[in-house]
Amino acid sequence: MIHITLPDGSVREFPGPVTVAEVAASIGSGLAKAALAGKINGTVVDTSHQITVDSPLAIITAKDADGLDVIRHSTAHLLAYAVKDLFPDAQVTIGPVIENGFFYDFSYKRPFTPDDLVAIEKKMTALAAKDEPVTRRVLPRDEAVAYFKSLGEYYKAEIIASIPADQDVSLYREGAFEDLCRGPHVPSTGKLKFFKLMKLAGAYWRGDHNNEMLQRVYGTAWASKDDLQNYLTQLEEAEKRDHRKLGRELDLFHIDDHAPGLVFWHPKGWTVWQGVEQYMRKVYQDNGYQEVKGPQVIDKTLWEKTGHWDKYRENMFTTESEKREYALKPMNCPGHILIFKQGIKSYRDLPLRYGEFGQCHRNEPSGGLHGIMRVRGFTQDDGHIFCTEDQILQECVNYTTLLQKVYADFGFSNIIYKVATRPEKRIGSDESWDKAEHALMECLRASGVEFEISPGDGAFYGPKIEYTLKDAIGRQWQCGTMQVDFSMPERLDAEFVGEDGARHRPVMLHRAILGSLERFIGILIEQHAGALPTWLAPAQVSILNISESQDAYCREIAKTLQDQGLRVQLDLRNEKITRKIREHSMQKLPYILVIGDKEKEAGSVAVRARGNIDLGVMSLQDFQSKIASDIALKL
C-alpha cells in the first residue's frame, strides 16, 4: 500500500504506485481538472509523476504561487512551439521564468518584427486551444545531443553537451514540438489561456558579447483573465507615471550622453531635491545624528583594507595622481570609520550617530542604467551608528520608528519588512550573530509589524533588515536598510575605551532610509504621477491675471505669498485665461489663483486646486491658512 498524506493531515491509501493526477482525481473531479502539478517534500513535480513510496503531497493549482510558475514556464515552451511552427528555420535556445512572466531567446536569419509578435501570439492561442498533452521522456546525455543536432537545434545540443556525460536529461513534448527541460509542466496546453507577448529585445548567447546576438521575446502569463488585465492595466499606469517622461514634461531633469548615468538637475527638479534633502537634514538634527562630510577621492590602500579593491574594483571609478592610485568612493562607510577614529572615543560617547549626504559613484553597466532610478553618480542619505552589542536593539527600534514616520510623510504607508540572516560563509562568532539577529527581529516585533525571514541572505559580516515600499499601483521598491557590521571596525581598527578601561571594537550599524536620493525622487515622481504634494512641489502656487489691469494686484499677492515662504509663479502674459489655466494645470501645480477685476476690488483670490477643482473665491488670508495647513500636514 502507498500512503499519501495531504496538507490537511488526512491520509489516502492506494494499492500500488500512483500518479499525482490519480491522487487529485480520488479527491474530486474539480481538483483533478484544476491540477497543474504536485508538490512532494518541497519539490514540484508533473501531474504524471508516479509516487512509489509513502509521501506527503500537495496538489498545485493556478491559485498557488508554484502553479503560476508552472503556467509561465509552460507558456515559454508554448511560445517556442509557435515560433518553430511559423519559422521552422529558427533555433530555440533558453526560455526561463522571470518576474511576472517569461522570455525565450531565438536564433533566426532576420529580426522579428512587431507584426511577427502578433502572429506568434495568435499561433500560441491556436495551439493552446488544441489542448495537446504535455509528455515527458528521459534520454542519456549523448543520445539527447545527437537528437537535437538531427533537428538542427545546435544551441540545445551545446547546452546538453555541457551536462556531465553520466547524466540523463528530460525532454517535454507537446504536439510537434519537443524541448529540453527539467520541468515540471502543465498536463496539457489547454491550461494556458491568459498570456500576452510584450516586447522584443536583443540578447547575446550565454550573455557573452563575443557570441551571436539572439532575439529575445518577452511575455507575461497569469492564472486568470482578471489577473492578466490587472497586470496590463498596471503597466499602462506605470507608463503614464514613468519618471523619465514626467521629468521631461515637468522640466525637472535630464540625462545626457555627455555624462551617461549622471543627472542634470533643472531648477524645478533641484527644488524638489532640496526639499527632500532639507527634510532629511532636519530628521538628522532631531534624532541625534551629527552630519559629516567625507572626501570623494580616496587612496586605494583604504579600499584594499575594506576588501572593496579585490571584490568590487570593476564597479569603481579609479584615477591616478603622482604615481598613487585612487578611487571615487562607491560608499561612505570607510570614511565614517576614519572620522570615528580621530581622537579617543569612550563608551560614554556611544551610541555615536553620523549622517552624510554622501555622493557616491559606481561604474554600473550602461545596459542597466534607468533614468534617475539607476545611475552611476548618486547621493545617499547615509548614516552609521557606532555602538556596543548591548545597544543594537534599542538603536534598531528607534530607527524603525523613525523610518516609518519618514515614509508616511512622503506618502508611503505600506511597508514590507524582511530580516536577512547569517549566510553559510560568514565571519564572527555564533554568539554575536545570535545577538544581532535577535536584536533585528525584536526591534520589528517591538514596532508591531509582521516580517519575513530571508534565510542566508545576510552579508558575510552581519544580518540586515530590508524595508520595501509598496507604491500606489502595487509595485515594490526596496529602499531602507539596517545592517549590523562586525567586520569593518575590525578591518579598519576602530576602537573605544570601555567602562573597564580596556580597548573594545564598536559594532557598526549601516542605515539608510531613502537610499539613493536620485532613485527615491524617481519613486516619488511615479508614486504621485508627477503631482507632488504641496510641501514638495517645485512651484506651489501660480498666479494668473485675466487682463493687464490686475498686474499690480497679482504682484502684491505674489510678494505676500513669497514672504510666507511659498514657491510662487507669476504669469502676467497677454494670453487668454483658459489657455494659461490649461498650461499651468499640465504642470500639476497644487494651486492656481485666477485674478480678475472682481477679485482685485474685493481683495480676494479665485482658487483652483490640482485636478481642475474649483474651490471658489476666498480671501487671501484664508488661502494662506489653507496652503500652510497642507504643508504642515505634508499634503
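Computed from the coordinates by the stated procedures, all read-outs in this text should not be read as laboratory data. Here the structure is a predicted model, which is why all the values come from computation and not from measurement. As a convention, Cβ positions derive from the backbone with ideal geometry for all residues, glycine included, and neighbour counts pool all protein chains shown.
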Using Cα centres only, tell me the gap between the range 106-159 and the range 337-397 in whole Å.
-> 50 Å
Treat every Asp and Glu Cβ in the chain as -1 and every Lys and Arg Cβ as +1, leave all other atoms uncharged, and give the resulting dipole magnitude about the Cα centre to the nearest 20 debye.
-> 1200 debye
Shape parameters for the range 433-562, alpha-carbon atoms, Rg then Dmax in Å = 24.3, 79
Cysteines having no other Cys beta carbon under 4.7 Å from their own, within the chain = Cys181, Cys333, Cys360, Cys387, Cys479, Cys554
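Using the Cβ atoms and a cut-off under 14 Å, what net charge is assigned to the surroundings of Asp551, where Lys and Arg are +1 and Asp and Glu are -1?
Values: positive: Arg555, Lys559, Arg573, Lys580, Lys600; negative: Glu548, Glu556, Asp571, Glu575, Asp597, Glu599.
Taking every Cβ under 14 Å from that of Asp551, the sum is -1.
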Taking neighbour Cβ counts within 10 Å as the exposure measure, how do Asp166, Asp630 sort from fewest upward?
-> Asp166, Asp630
In whole angstrom, the spacing between the Cα centers of the range 236-296 and the range 551-614 equals 27 Å
Binned at 5 Å starting from 0, the alpha-carbon pair-distance distribution of the range 85-125 in whole percents comes out as 6, 18, 25, 33, 15, 3
Which value at 222 nm does the chain reach when only helices count, each DSSP H run of 4 or more adding -39,500 (n - 2.57), with the total divided by all residues and rounded to the nearest 500 deg cm²/dmol?
-> -11000 deg cm²/dmol
For Asp69, Asp485, Asp430, ascending order of other Cβ atoms within 10 Å (fewest first) is Asp430, Asp69, Asp485
Calculated P(r) of the range 20-63 - Cα pairs past 12 Å, % = 53 percent
Can you grab the distance from the C-alpha centre of the range 500-525 to the C-alpha centre of the range 427-471, Å, no decimals?
-> 15 Å
In straight Cα distance, which aspartates and glutamates are under 17 Å from Lys576, not counting same-chain residues fewer than 8 positions off?
-> Glu548, Asp551, Asp597
Charge dipole of the chain about the Cα centre (unit charges at C-beta), most positive-ward option of Gly30, Ser549, Leu635 = Ser549
Looking at the chain, what % of its DSSP beta bridges pair antiparallel, to the nearest 5?
-> 85 percent
Does the range 175-290 come out rounded, prolate or oblate, given a ≥ b ≥ c as the square roots of the eigenvalues of its C-alpha gyration tensor, rounded meaning a/c under 1.5 and, failing that, prolate meaning a/b above b/c?
-> prolate
Computed magnitude of the charge dipole of the range 472-512 (debye, nearest 20; Cβ of K, R +1, Cβ of D, E -1) = 360 debye
Take peptides 550-563, 492-505, 373-386 and line them up by average Cβ neighbours within 10 Å, highest first, as a rough protection proxy.
-> 373-386, 550-563, 492-505
Quick one: Karplus J couplings for the range 478-483, per residue in order, coefficients 6.51, -1.76, 1.60, θ = phi - 60°, nearest Hz, x for Gly and Pro?
-> 7, 10, x, 9, 9, 10
Once the dipole of the chain is set up from charges on Cβ (+1 Lys and Arg, -1 Asp and Glu), the residue from the list Tyr231, Ser447, Ala221 lying farthest towards its positive end is Tyr231
Residue among Phe87, Leu68, Cys396 farthest towards the positive dipole end of the chain, charges placed on Cβ | Phe87
Mind sorting out which of [x] 30.5, 97; [y] 29.0, 92; [z] 23.8, 74 is the real Rg and Dmax of the Cα atoms in Å computed from the coordinates?
-> [x]
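Within the chain, which whole H helices from DSSP have a Cα span along their axis of at least 30 Å and a mean Kyte-Doolittle hydropathy of 0.0 or more, if any?
65-86
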Quote the convex hull volume per residue of the range 429-505, based on C-alpha atoms, as a whole number of Å³.
-> 138 Å³
With only Lys, Arg, Asp and Glu charged, each at its Cβ (+1 for the first two, -1 for the last two), find how big the charge dipole of the range 426-582 is about the Cα centre; round to the nearest 20 debye.
-> 1060 debye
Could you tell me the number of lysine pairs in the range 43-135 with C-alpha atoms less than 26 Å from each other, where the two lysines are 8 or more residues apart or belong to different chains?
-> 9
For Ile163, the net charge from surrounding residues (Cβ-Cβ under 13 Å; K, R +1; D, E -1) works out to -2
